[in-house]
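Here's the structure, in structure tokens; my notes come after.
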Amino acid sequence: MRSLAFFCYLFLCMLQLVAAQPTTDPAEVVALNTLADYWNLSSSWNFSIDPCTPDAQWASKDANPRIACDCSDKTCHVTHLTIYALDITGTIPKELFVLKELMDLNLGQNVLEGPIPAEIGQLSKMQYLSMGINNLTGPVPPELGNLTKLISLSFSSNNFSGPLPRELGNLTSLQELYIDSSGVSGNIPEELAKLQYLKKLWASDNLFTGKLPDFIGTLMELVDLRFQGTLLEGPIPSSFGALTKLEDLRLGDLTMEDSSLDFLENLTSLSILSLRNSRVASQLPERLSTLANLKYLYLGNNILTGELPSRIITPKLVALDVSFNPISGNLPLNSAKVGLAMNVVRTSINANNLYDSMHFFMYMYGYDIAYQPLGMAKPLGMAKKTLGIFRCLQDGSECPDKVPSYSSFSVNCGGTDQISASGVDYEDDSQFMGAASLYASSEHRWAVSNMGVFVSNPNGPLYIAKTDSQIMGALESELYKTARISPSSLRYYGIGLKNGKYNVELHFAEIVMDDSQSWKGLGRRLFDVYVQGERVLQDFNIRDEAGASKRAIIKTFEANVTNTIMEIHFFWAGRGTCCIPSQGTYGPLVSAIHVSQVTDGIGSPSNNDKKRVRRLVGIAFGCAETKKARDKPRPSLQI
């Protein structure tokens, strides 16, 4: 009897414990079940137990999908919902907005489509909201302004339309705002001046218009600010000088009015500064030498004057670009610093000073003896020849040691030597290239230069892309399994060509971005192509033009050679996504090049030379080809 009584006592205690355990709000349980069915998550969420059970498999911080709850009251409420990178499809169902206690919602990296429902404004307790990398459309709902407790908001890499809603200015607790590649346009609302706690603002690759807002200079907590690939007008407001906490500042392609560098006076925390093609018209201030934390300094394609500050190359500096500026003087004494990539093309810097140091040339322009285990004599001799090639490429003159003797050149970009079915010998281009490199082929028949650094993913792509997949639409599939890529500017030069008219065949296949139904298929690679200084392709998208990823496409153009040199320039202008399927997935990509002289029908080269030919400009790092192109609103470099 005693044992039976004890058993009954334990049973009653267990019933009391069960009764004391809070359960999830029934309406929220119904909503979660609906979401599970609609987004095909039933195999992960088996609600035979209460959704807010603390030790459920979906409750841990690392779970995905994840549900976490607040059970401090008699009823549990869902506060955290993560459905990240699971390729869920469809729209955002209204049942989601039953979860009114949500504080953290992450729907990023999926394939959601349609608009963000206005009911999003009901989730007034939200602190972290991420809907980036989806296929959402329509306007950005003004109801987002109701989420006044938001700390982080992301809707980047979508297909929205129209302007940013003024109501975003109500988000006065916001610290992070990611709206890059979101599709928004128009003027930037002045109401955003109320975001006084904002630390990160990524707004590149959008069609913003009007002036770069002066009020941004009042957001004094900013650490990371990016406006590239937009249509904004200058000048850079002097108010930016108050942003003393900035570590990363990237502006580009500002038009209409000139800017100065005076605002940099107190920005000593800067690590990355990119102002490429922003109509910066001033002398290079000595103050740049005091920015001791700078690692990347990109000032190319502006109207800078004066000389490089003598101490501009600080111990932490990794890359310096001042190309396409009317600056002069000598290079700083420590220009040969190990680890520095430097670009001074199309400046008036003392050429004798530039070429005095063979070691400096080897490092800066890509001839690294460490990659030539052949003994010193031969590499040095080859380096001297490469130095001569660089000199003639830089000033656009005929190479003095190259008698015009070639009528074609072909390159397997990023790959090894290959002979096509038609007998074209595509030469090896598999050599390592760095952030500021020039490589000339063994016979100096062609050369290639690269400029730029994948800053956001330094361990990522090393300027060559590869795939093992079969390439569709091509007889020579192997030709497209490698490609040369660049984060900014990639140029190929034919050297010693006979003057005349040429056919230029450019071979492409998108081998990095896929076209699957996954979120990984949402990336957009856009870049421009120039032949002999004339833009022949703008916002070129290989995958769209070919109809699929890993499908070959050939673009053919005609161009004239009048100075024995052919230049083909692949230029990333800041458009397209930067981070799909991974950080650092952007920039020009080319599989192969074949250039051959046009004959007049009886086997002789044609001398029709009526088209205007630009001077060759050598190594470039994000430049407009003419003053007209520079003044035209264009997207910009993103790193």
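So how much slack lies between T290 and Q538, counting 0.36 nm per residue of separation and subtracting their Cα-Cα distance, in nm?
Between T290 and Q538, full extension yields 85.4 nm more.
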- Note on the structure: Fewest-first ordering of I120, I67, I133 by Cβ atoms within 10 Å yields I120, I67, I133
- Query: Hey, what do the phi angles of the range 495-510 turn into as Karplus ³J(HN,Hα) couplings, whole Hz, using 6.51/-1.76/1.60 and θ = phi - 60°, x for Gly and Pro?
  - Reply: 10, x, 7, 5, 5, x, 8, 10, 8, 10, 9, 10, 9, 9, 7, 6
- Task: Tell me which residues come under 5 Å, amide H to amide H, from G114 once H is placed; ignore anything under 5 positions away on its chain.
- Result: T137
- Task: Subtract the Cα-Cα distance of D55 and E558 from 0.36 nm times their separation in residues, and report this length gain in nm to one decimal.
- Result: 174.3 nm
- List every residue whose amide H lies under 5 Å from the amide H of R551, counting only residues 5 or more places away in sequence or on a different chain, with H placed 1.01 Å from N in the peptide plane. M472, E510
- Message: Using Cβ contacts closer than 10 Å as the measure, can you line up S161, S591, S407 from fewest to most?
- Response: S161, S407, S591
- Query: Once you list every other residue whose beta carbon is under 12 Å from the beta carbon of V29, what net charge do they have if Lys and Arg are +1 and Asp and Glu are -1?
  - Reply: -4
- Query: Ordered by residue, what ³J(HN,Hα) values in Hz, to whole numbers, does the range 194-208 give under the Karplus form 6.51 cos²θ - 1.76 cosθ + 1.60, where θ = phi - 60° and Gly and Pro are x?
  - Reply: 7, 7, 6, 9, 5, 10, 10, 9, 9, 9, 6, 6, 9, 8, 5
- Work out, step by step, the length gained on full extension between S582 and A118: first 0.36 nm times the residue separation, then minus their alpha carbon distance; give nm to one decimal. 163.9 nm
- Note on the structure: Between S260 and N334, the two model label points (7 Å from Cα along the beta-carbon direction) sit apart by a distance in nm of 2.9 nm
- Task: Can you grab the distance from the C-alpha centre of the range 509-588 to the C-alpha centre of the range 445-505, Å, no decimals?
- Result: 10 Å
- Message: Take E190 and T305, extend 7 Å from each Cα along the Cα→Cβ direction, and tell me the distance between the two endpoints in nm.
- Response: 3.5 nm
- Task: Sort T562, T577 so the one with the fewest other Cβ atoms within 10 Å of its own Cβ comes first.
- Result: T562, T577
- Interchain or long-range residues, amide H under 5 Å from C413's placed H: A592, I593
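A short reminder: the numbers here are calculations on the coordinates, not readings from a lab. All values reported here derive from a predicted model rather than from experimental measurement. Ideal geometry is used to build each Cβ from the backbone, glycine not excepted, and the neighbour counts take in all protein chains shown.
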